[in-house]
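The values are calculated or read from the model by the stated rules, or taken from the named source; none is laboratory data. Everything quoted here is computed from the prediction, not taken from an experiment. All Cβ positions, glycine included, derive from the backbone under ideal geometry; neighbour counts span all protein chains shown.
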Amino acid sequence: MTNISPSQQEIQAVVDELRARYARIDEGEVATYIPELSKANPDEFGVALVTAGGRVFETGHCDRLFTIQSISKPFVFGMALEECGHERVFERVDVEPSGDAFNAIELQGGTNRPHNPMVNAGAITVTALLHARHGAGAFAHLLHRFSALAGRRLEIDHAVYESERSTGHRNRAIAHLLLNFGMVHDEVEAALDLYFKQCSILVTARDLAMMAATLSNMGCHPITGKTALDMSCVKDVLSVMFTCGMYDYSGQWAYRVGIPAKSGVAGGVVAVVNRQLGIGTYSPRLDRFGNSVRGVEACSELARRLGLHVFDCLNVGSSFLETVLEGGP
Ligand code: DON
């Protein structure tokens, strides 16, 4: 590697070292409830970091394409806030951790709103709002917006989409429960189809790190320089990722790692260090919560070694890494 300062070499060394360490872990299982996902190679492992200024550090399988799955949820939530307005979105979905599984068939008592946009009921509700707005052009619109967040043209995995569409009976039940309570519009099957498609968008660990870096950079992609998400929505997206992004592990994650994050069943994890950097990991073996085993360990160690926890005393005014990496004061 040429032209990199010692401090950048140090960051690269940390990334390489933790990949070597956690690649040895072979606990956890590849998801099989969407049959197509079971074809993933369980041994692949990639870790990517992108700073808010666009500097990339990566190791392992950072070019491997996999489906974004639930990691789409915070980004679609942000798009809905921007396009439909905060009030309209919060009429339909709350921001409370649910304490239940991501695919629980339940709504809040009283309001009939889903608990938050990170569980399937909330995510389908948010996606339905965008479907109601864009109709038949909704997926092209979403794909365009995801591509802007990643800084390259993304595509859908048709086999995974078909696999989930033909087996997603539980999500269909959730969608019809939402329709029963008037939380989604009448075109519920089309909205559900949009949800299956958004989950089937193909990304790499590097893409996830870029998307996270875009959030860390107030919605502006660090390399293209284009605004991919309005700045006014970034705080809301990061807040729900922080409290609800890692399912029933969210409390422990906030305690141990302290970075807003979201996992997906294909093995991805995305994490955002506000105003500093984005992290993307890929390793398809999942723990009992549905989070990538190696992804959780890699992010935990990164947070510890680089002082990234939001309440870490090294993370002074969110400027620690910026100072180290970009040669600040
Ligand atoms: O709704 C589903 O079942 C998937 N398409 C997405 C689930 C997911 O990634 C949950 N993650 N941990």
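Screening the stretch 232-258 for residues that are touching a residue at least 24 places away in the same chain (Cβ under 8 Å) and charged (D, E, K, R) and picking the one that is nearest to PHE75 (Cα to Cα) gives ASP236.
Looking for whichever is at pLDDT below 95 and among the acidic types (Asp, Glu) here; the options are GLU10, GLU27. Which one fits?
On the way: GLU27 fails: at pLDDT below 95.
Within the list GLU10, GLU27, the selection yields GLU10.
Which one of these is closer than 24 Å to LYS197 by Cα, touching a Gly at 6+ places or on another chain (Cβ under 7 Å) and among the aliphatic types (A, V, I, L, M): ILE34, ILE68?
Details: ILE34 fails: touching a Gly at 6+ places or on another chain (Cβ under 7 Å).
ILE68 is the lone residue from the list that is closer than 24 Å to LYS197 by Cα, touching a Gly at 6+ places or on another chain (Cβ under 7 Å) and among the aliphatic types (A, V, I, L, M).
I need a count of the residues in the stretch 237-257 that are touching a helix residue (DSSP H, G or I) at 6+ places or on another chain (Cβ under 8 Å) and assigned to a helix (DSSP H, G or I).
Restricting attention to the stretch 237-257, the residues satisfying the condition of being touching a helix residue (DSSP H, G or I) at 6+ places or on another chain (Cβ under 8 Å) are 237-238, 240-246, 249-250, 253-254, 256-257.
With the extra rule that they be assigned to a helix (DSSP H, G or I), the set shrinks to 237-238, 240-244, 249-250, 253-254, 256.
Counting residues in the stretch 237-257 that are touching a helix residue (DSSP H, G or I) at 6+ places or on another chain (Cβ under 8 Å) and assigned to a helix (DSSP H, G or I) gives 12.
If you go through the stretch 106-138 and pick out every residue that is surrounded by fewer than 14 Cβ atoms within 10 Å (Cβ to Cβ) and either within 15 Å of the ligand (Cβ to nearest atom) or of a type in the set (Ser, Thr, Tyr) (or both), you end up with 1. Return yes when LYS197 is in contact with a strand residue (DSSP E or B) (Cβ under 8 Å, 6 or more places away or on another chain), within 16 Å of the ligand (Cβ to nearest atom) and modelled with pLDDT of 95 or more and no when it is not. Against the criterion (in contact with a strand residue (DSSP E or B) (Cβ under 8 Å, 6 or more places away or on another chain), within 16 Å of the ligand (Cβ to nearest atom) and modelled with pLDDT of 95 or more), LYS197 qualifies. How about the stretch 268-284: which of its residues are within 13 Å of the ligand (Cβ to nearest atom) and either more than 28 Å from ILE223 (Cβ to Cβ) or small (Gly, Ala, Ser) (or both)? Residue satisfying the conditions is GLY268 alone. Selection of first residues in the stretch 48-61 that are more than 24 Å from GLY267 (Cβ to Cβ) and of second residues that are assigned to a strand (DSSP E or B) and among the aromatic types (Phe, Trp, Tyr), restricted to Cβ pairs under 7 Å at least 6 apart or on distinct chains, gives an empty result.
Among the residues of the stretch 88-105, what is the count of those that are in a loop (DSSP other than H, G, I, E, B) and either among the small types (Gly, Ala, Ser) or more than 16 Å from the ligand (Cβ to nearest atom) (or both)? Let's see the steps before the verdict.
If we filter the stretch 88-105 for residues that are in a loop (DSSP other than H, G, I, E, B), which is where we start, we get 93-105.
Then drop every residue that is not either among the small types (Gly, Ala, Ser) or more than 16 Å from the ligand (Cβ to nearest atom) (or both), which leaves 94-96, 98-99, 101, 104.
So the answer is 7.
In the stretch 24-69, the residue that is nearest to the ligand (Cβ to nearest atom) out of those that are among the small types (Gly, Ala, Ser) and surrounded by 18 or more Cβ atoms within 10 Å (Cβ to Cβ) is ALA31. Beta carbons closer than 6 Å, at least 6 apart along the sequence or on distinct chains, pair a first residue in the stretch 260-281 that is under 20 Å from GLY53 (Cα atoms) with a second that is near the ligand (Cβ under 9 Å from one of its atoms) and assigned to a strand (DSSP E or B) for VAL270/LYS262.
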